[in-house]
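Enquirer: Next up is a structure, given as structure tokens.
The values are calculated or read from the model by the stated rules, or taken from the named source; none is laboratory data. Nothing here was measured: the structure is a model prediction, and the numbers come from that model. Glycine also receives a Cβ, built like all others from the backbone with ideal geometry; neighbour counts cover every protein chain displayed. With ligands, DNA and RNA removed, areas are computed over all heavy atoms of the protein, side chains included. Shrake-Rupley method; radii C 1.70, N 1.55, O 1.52, S 1.80 Å.
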Amino acid sequence: MDSQSLSDVKVLEIGEFIAAPYCGKLLADLGANIVKVECPVGGDRARGRGPFPPKTTSEDSSGLFLYLNSNKQGITLDILNPGGMKILAELLPHFDVLLISDYAGEARRHGWLDINRFRTENPNLIVTCITPYGLTGPRSAWKGHSINTTSAAGISYRIGK
């Protein structure tokens, strides 16, 4: 695949740490135009994770954050308040893909994970939600970390941990 295969694709990425940023990085590496949304207070949790250059822990120098978010543009937006939701609704018609990673229960509680509303505002919008246990079902509101998902998938049993 050509490194600019997705140059006509515009992606709005709402997610932090690794799942959505890594997916967005792969799309950006193929030429997609990615706009990463970060919370105004604290930003992406990956900013606080190393590795860091020697003698610094600056949030702007995290190797993990820089790796996952290369080739992206960024904005800050508080999507958990009505003003932020209004701005998000105004942004969505300008994007082809909405990439979300947030566990579904928290997003629903805050009232912004409404895929039907997103598709009403932009009928051609592709919505991708990266969740550990899906958007529906008895475990959809559960948080997922690597220890949970590897255990639930049976990997821990297979490797004897």
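Enquirer: Amide H of Glu13 versus every other amide H placed in the peptide plane: which residues, excluding those fewer than 5 positions away on the same chain, fall under 5 Å?
Expert: Those qualifying (amide H under 5 Å, at least 5 residues apart or on another chain) are Val35, Lys36, Val37, Leu99.
Enquirer: Of Phe95, Ser5, Met85, whose Cα points farthest to the positive end of the dipole of the chain (charges on the beta-carbon: +1 Lys, Arg; -1 Asp, Glu; origin at the Cα centre)?
Expert: Met85
Enquirer: Can I ask one more? Determine the relative contact order of the chain: mean sequence separation of Cα pairs under 8 Å and six or more apart, normalised by residue count, in whole percent.
Expert: Relative contact order of the chain: 21 percent.
Enquirer: Peptides 83-90, 68-75, 6-13, 153-160: what's the order by average Cβ count within 10 Å, highest mean first? Mind showing how you got there, number by number?
Expert: On the way: 83-90: 14.2, 68-75: 15.8, 6-13: 18.4, 153-160: 9.8.
Per-residue mean Cβ counts within 10 Å order the peptides as 6-13, 68-75, 83-90, 153-160.
Enquirer: Excluding ligands, DNA and RNA, what is the solvent-accessible area per residue of the chain at a probe of 1.4 Å, expressed in Å²?
Expert: Roughly 59 Å² per residue, with all protein chains present.
Enquirer: Considering only protein heavy atoms and a probe of 1.4 Å, how much of the accessible area of the range 1-101 is carbon and sulfur, as a whole percent?
Expert: 58
Enquirer: Rounded to whole Å and sorted largest first, what semi-axes of the equivalent ellipsoid does the C-alpha gyration tensor of the chain yield via the square root of 5 times each eigenvalue? Intermediate results must be reported in sequence, preceding the final value.
Expert: On the way: eigenvalues 121, 100, 61 Å².
Output for the chain: semi-axes of 25, 22, 17 Å.
Enquirer: Taking the Cα centre of the chain as the origin, how large is its charge dipole in debye, to the nearest 20, when only Lys and Arg (+1) and Asp and Glu (-1) carry charge on their Cβ atoms?
Expert: It comes to approximately 660 debye.
Enquirer: Assuming R0 = 35 Å, what is the FRET efficiency of Asp78 and Ser156, from their Cβ-Cβ distance, to the nearest 0.05? Don't jump to the answer; show the numbers that get you there.
Expert: On the way: r = 37 Å, r/R0 = 1.06.
Efficiency for this residue pair is about 0.40.
Enquirer: Cα-Cα pairs above 13 Å in the range 115-161: how many percent?
Expert: Details: 714 of 1081 pairs.
The share of Cα pairs beyond 13 Å in the range 115-161 comes to 66 percent.
Enquirer: With each run of n ≥ 4 DSSP H residues scored as -39500 (n - 2.57), what mean residue ellipticity at 222 nm is computed for the chain after dividing by its residue count and rounding to the nearest 500 deg cm²/dmol?
Expert: -8500 deg cm²/dmol
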